[in-house]
Amino acid sequence: MTLHPAPARRDFSACIAACHACAAACDRCAAACLREAELPMLSGCIALDLDCAALCRLCAGLMARDSEFSATLCQRCAEVCDACASRCAPHPYEHCQHCAEACRRCAQACQQMAA
């Protein structure tokens with residue numbers, strides 16, 4: 001019986017870290033938005049925060065498993081992160097600004113990973 005070496009795994013650690021950081025920032029932003037007085041104005045922000053956090057976690061898991069779908073989903077994740085950053089950035093709240101920045105970093109990391 002001949003054993004073949006396992007294929008080399010790619011290092012996704014930077015992108016995984018960016019995805020985890022973005023998911024946490026989005027969760028914090030959504031929770032903080034729920035406590036703001038202008039809640040109706042923030043409903044779209046909250047919904048996109050939750051979508052972005054879920055997709056970031058999915059992508060981190062796919063990369064950790066070296067899934068064949070990592071690049072495809074990370075490209076979509078970059079799009080959602082860009083949309084979330086654009087939605088959060090106009091709001092004056094610190095949590096929205098932090099979320100927008102984390103989303104921008106994650107979008108960049110996911111674009112680089114998917115390239």
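Does Asp66 qualify as being charged (D, E, K, R) and crowded, with 21+ Cβ neighbours inside 10 Å?
Working: charged (D, E, K, R): yes; crowded, with 21+ Cβ neighbours inside 10 Å: no.
So Asp66 fails the test.
Is there a residue in region 28-41 that is touching a Lys or Arg at 6+ places or on another chain (Cβ under 8 Å), farther than 16 Å from Ile16 by Cβ and in a helix (DSSP H, G or I)?
Taking region 28-41 first, the residues touching a Lys or Arg at 6+ places or on another chain (Cβ under 8 Å) are none.
Among the residues of region 28-41, not one is touching a Lys or Arg at 6+ places or on another chain (Cβ under 8 Å), farther than 16 Å from Ile16 by Cβ and in a helix (DSSP H, G or I), which makes the answer no.
Can we say Leu42 is crowded, with 21+ Cβ neighbours inside 10 Å and either modelled with pLDDT of 95 or more or over 14 Å from the mean Cα position of the chain (by Cα) (or both)? Quick ask: steps written out before the conclusion?
Numbers: crowded, with 21+ Cβ neighbours inside 10 Å: yes; either modelled with pLDDT of 95 or more or over 14 Å from the mean Cα position of the chain (by Cα) (or both): yes.
Yes; evaluated as a whole, the condition is true for this residue.
In the condition set (1) small (Gly, Ala, Ser); (2) over 24 Å from Leu42 (Cβ atoms); (3) in a helix (DSSP H, G or I), Ser67 is compliant with all but (3).
Residue pairs whose Cβ atoms lie under 6 Å apart, separated by 6 or more positions or on different chains, with the first residue in region 82-107 and under 14 Å from Leu42 (Cβ atoms) and among the hydrophobic types (A, V, I, L, M, F, W, C) and the second at pLDDT 95 or above and in a loop (DSSP other than H, G, I, E, B), are Ala100/Ala89.
Out of the residues in region 15-39 that are among the small types (Gly, Ala, Ser) and over 23 Å from Leu62 (Cβ atoms), which is modelled with the lowest pLDDT? Spell out how you get there, then give the answer.
Initially, region 15-39 is screened for residues among the small types (Gly, Ala, Ser), giving 17-18, 21, 23-25, 30-32, 37.
Retained after the next criterion (residues that are over 23 Å from Leu62 (Cβ atoms)): 31-32, 37.
Values: Ala31: 97, Ala32: 96, Ala37: 90.
Checking each candidate, the answer is Ala37.
Kindly indicate whether any position in region 47-58 is touching a residue at least 24 places away in the same chain (Cβ under 8 Å), part of a helix (DSSP H, G or I) and more than 15 Å from the chain's Cα centre (by Cα). No, the conditions are met nowhere in region 47-58. Just for region 12-38: of the residues that are out of contact with any helix residue (DSSP H, G or I) (no Cβ under 7 Å at 6 or more places or on another chain) and more than 12 Å from Ala109 (Cβ to Cβ), which one is surrounded by the most Cβ atoms within 10 Å (Cβ to Cβ)? The selected residue is Ala24. Take region 91-100 and flag every residue that is touching a Cys at 6+ places or on another chain (Cβ under 9 Å) and either surrounded by fewer than 16 Cβ atoms within 10 Å (Cβ to Cβ) or part of a helix (DSSP H, G or I) (or both). Within region 91-100, His95, Cys96, Gln97, His98, Cys99, Ala100 qualify.
The values are calculated or read from the model by the stated rules, or taken from the named source; none is laboratory data. This structure is a prediction, so every number in the text was calculated from the model and none was measured. With ideal geometry, Cβ positions are generated from the backbone for all residues, glycine too; neighbour counts draw on all protein chains shown.
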